[in-house]
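Novice: Structure provided below as structure tokens; questions to follow.
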Amino acid sequence: MKKIGFTVFMFFAMVLFVFPQWGHAAAGSTSIYLDGKGLELTKNGQVQNVKGNVMIPIRVVVEELGFDVDWDKKTRTITIQQSDTQLKLVVGQSTALVNGKEVKLAAAPKLVSDTTLVPLRFVGEQMGLKVNWNNEEKAVYLITPNSGSGNGTGSGENAGSGNEGQTPGQVPDNSANLANVGGISFSDNRLMIAVDKNVKPNIFKMAGPDRIVIDLPSTKFADSFSTGQLLDQTQNGYIDVTEYPDVSKVRYALFNDQPSTIRVVLDLNHAKNYELINNNDGLIIVNLNTDASTPGTAPGGNGKKLVVIDAGHGGSDPGAISITKKKEKDFNLAVVLKVQELLKQESDIDFVLTRSSDTYPTLQDRVKIANDLKADIFISVHANSGSATASGVETYYTRSESLSLAKVMHKYLVQSSGLKDRSVRSKSLHVTRETKMPAVLLECGYLSNKNDNAVLYTEDFQNRVAEGIVKGIKEYLGVK
């Protein structure tokens, strides 16, 4: 019998989270290889997705590994024995016994054509398998601990090496002591994770396909996280990335319960180096703007002026709805992404977006990003709504030190938009009140006005407004 090391990492999460394609594979479309040997799925039952839980024939993997398996047809109980560990699973029952101790399963075992299927989460917690996914082949490669190891490496501080089966340090899982992950965003080729306590990430690279994996031990999703970003009932979510050639998607999940660990994965389009920036200031950054010979720096840490650009609303919060039923959040993001492209051409200005896709960082998270990064200025982009006759642009500020920025930004907003000047106004808004640097909120027109609305969603208007915003930034910061 092979001696297989046990791990608390969850095979279910590896496949669904790190390799989500498998969970949605049609019957017969996915191949599984164990230490290079193809497994005969057609003779032993198919991989299935049951309400978001990947199920696999237990005998296919267990017998190949050399575990002793006993099936009691009368009680429909599967007993798996390996060394001093015994597992008992019952078809249709959502709990199992591990050495006599009851453990809750993600999904109950089931019978399909006389084949017993079990949830991969449970199997993985007990088997210690290493996993690689080949997207071209639509194949999963399972590797037992003694037959090979991963070769992922990290170039940044605290970077881990190895594979996705490695286990972070075990710590007591006391929810009162867990750090809350309040927001995850990706902009300017940087992943940013907001936390409310010090966290020491475990980060490593993997190939087949290329990706960067960040484990955050002793963390959980903040209660407000799901209101701002995609997070399903199984604690999984993602952000599609379309603006950057290096990354296709950011995925995140509650990867482990003991200790509570959130995993974030950057799906790469090709192999890429990174730098982990973690100054224990509430913001963890994985910077892809680096290579092996040129270490990256935190935003604004290179002597450049740092601007945080905020696209208002997003995700579950559409903002105002226009008279043509369009959403304010889409206008805000479109303008901010155009600002981003223009700022990329400015060698003396660094920038960070609070969101670069249809997500909703909370107002607190937007402020936290700006404050933790010690940004020079903060600019939030919005469109307004009011009476049918209300028209024009406004610029809001809260604190007196923001007034000069507001005047400069408003000047260019009026010029670039071509809409009525409704002046600079003072108002107590969270993002302009709680930020510690000069901060303004731009209202770029009225969605409730037929004339304003007619131009707000045009490329020409958005390009002009974006150019005006950049001109205002440059004038205020004294950048030529």
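Novice: For Ile78, Ile323, what's the fewest-to-most ordering of other Cβ within 10 Å of each Cβ?
Specialist: The most exposed by this proxy come first: Ile323, Ile78.
Novice: Tell me which residues come under 5 Å, amide H to amide H, from Tyr244 once H is placed; ignore anything under 5 positions away on its chain.
Specialist: Hits under the 5 Å cutoff: none.
Novice: Once Lys and Arg get +1 and Asp and Glu get -1 on their Cβ, which of Pro438, Val352, Tyr396 lies farthest toward the positive end of the dipole of region 305-477?
Specialist: Tyr396
Novice: For Asp257 and Thr79 in one chain, what is 0.36 nm times their gap in residues minus the Cα-Cα distance, to one decimal in nm?
Specialist: Answer, rounded to one decimal: 61.7 nm.
Novice: What number comes out for the charge environment of Tyr244, summing +1 per Lys or Arg and -1 per Asp or Glu over other residues with Cβ under 10 Å away?
Specialist: Overall, the nearby charge balance is -2.
Novice: Give me the net charge for the shell around Asp350: Cβ to Cβ below 11 angstrom, other residues only, Lys and Arg +1, Asp and Glu -1.
Specialist: 0
Novice: Using amide H atoms built 1.01 Å from N in the peptide plane, name the residues 5+ places from Phe221, or on other chains, whose amide H lies under 5 Å from its own.
Specialist: Val181
Novice: Let's see if you can work this out: charge +1 on each Lys and Arg Cβ, -1 on each Asp and Glu Cβ, no other charges. What is the dipole magnitude of region 175-287 about its Cα centre, in debye to the nearest 20?
Specialist: About 240 debye.
Novice: Work out from phi, with θ = phi - 60° and the Karplus expression 6.51 cos²θ - 1.76 cosθ + 1.60, the ³J(HN,Hα) of each residue of region 306-311, listed in order in whole Hz, and give x for Gly and Pro.
Specialist: Values, residue by residue: 10, 10, 9, 10, 10, 8 Hz.
Novice: Using modelled backbone amide H atoms (1.01 Å from N, in-plane), which distant-in-sequence or interchain residues come within less than 5 Å of Ala383's amide H?
Specialist: Amide H neighbours of Ala383: Cys444.
Novice: Shifting gears a bit: Note down the magnitude of the dipole of region 305-477 about its Cα centre, charges +1 on Lys and Arg C-beta and -1 on Asp and Glu C-beta and zero elsewhere, to the nearest 20 debye.
Specialist: 380
Novice: With the cut-off at 22 Å, tell me which of the pairs Lys304/Lys474; Lys436/Lys474; Lys344/Lys474; Lys205/Lys374 have Cα atoms farther apart than that.
Specialist: Result: Lys205/Lys374 exceed 22 Å.
Novice: What ranking, highest mean first, results for peptides 302-309, 95-102, 343-350, 452-459 when packing means the other Cβ atoms within 10 Å averaged over each residue?
Specialist: The packing order, highest mean first, is 302-309, 452-459, 343-350, 95-102.
Novice: How do the peptides 370-379, 276-285 rank, highest first, by the average count of neighbouring beta carbon atoms within 10 Å per residue?
Specialist: Final packing ranking: 370-379, 276-285.
Novice: I would also like to ask the following. May I ask you to list the chymotrypsin sites (Phe, Trp or Tyr not before Pro) in region 393-444 that are in a DSSP loop and have at most 12 other Cβ atoms within 10 Å of their Cβ?
Specialist: none
Novice: What FRET efficiency would be calculated for the residue pair Asp421, Asn198, taking the C-beta separation as r and a Förster radius of 45 Å, to the nearest 0.05?
Specialist: 0.45
Novice: If the viscosity is 1.567 mPa s and the temperature 4 °C, what Stokes-Einstein diffusion coefficient in µm²/s follows for region 393-480 when Rh is the Kirkwood radius over Cα pairs?
Specialist: In µm²/s, the coefficient rounds to 98.
Novice: Would you mind getting me the FRET efficiency between Ser404 and Asp68? Use the beta-carbon distance for r and R0 = 60 Å, nearest 0.05.
Specialist: 0.20
Novice: Separate question: For Val91 and Asp317, what does the FRET efficiency come to when R0 = 51 Å and r is the distance between their Cβ atoms, rounded to the nearest 0.05?
Specialist: 0.70
Any read-out appearing in this document is the output of simple, stated calculations on the displayed coordinates, not a laboratory observation. Everything numeric here is computed off the predicted structure, so don't read it as measured data. Don't worry about glycine lacking a Cβ; one is built from the backbone with ideal geometry, like all the others, and counts go over all protein chains shown.
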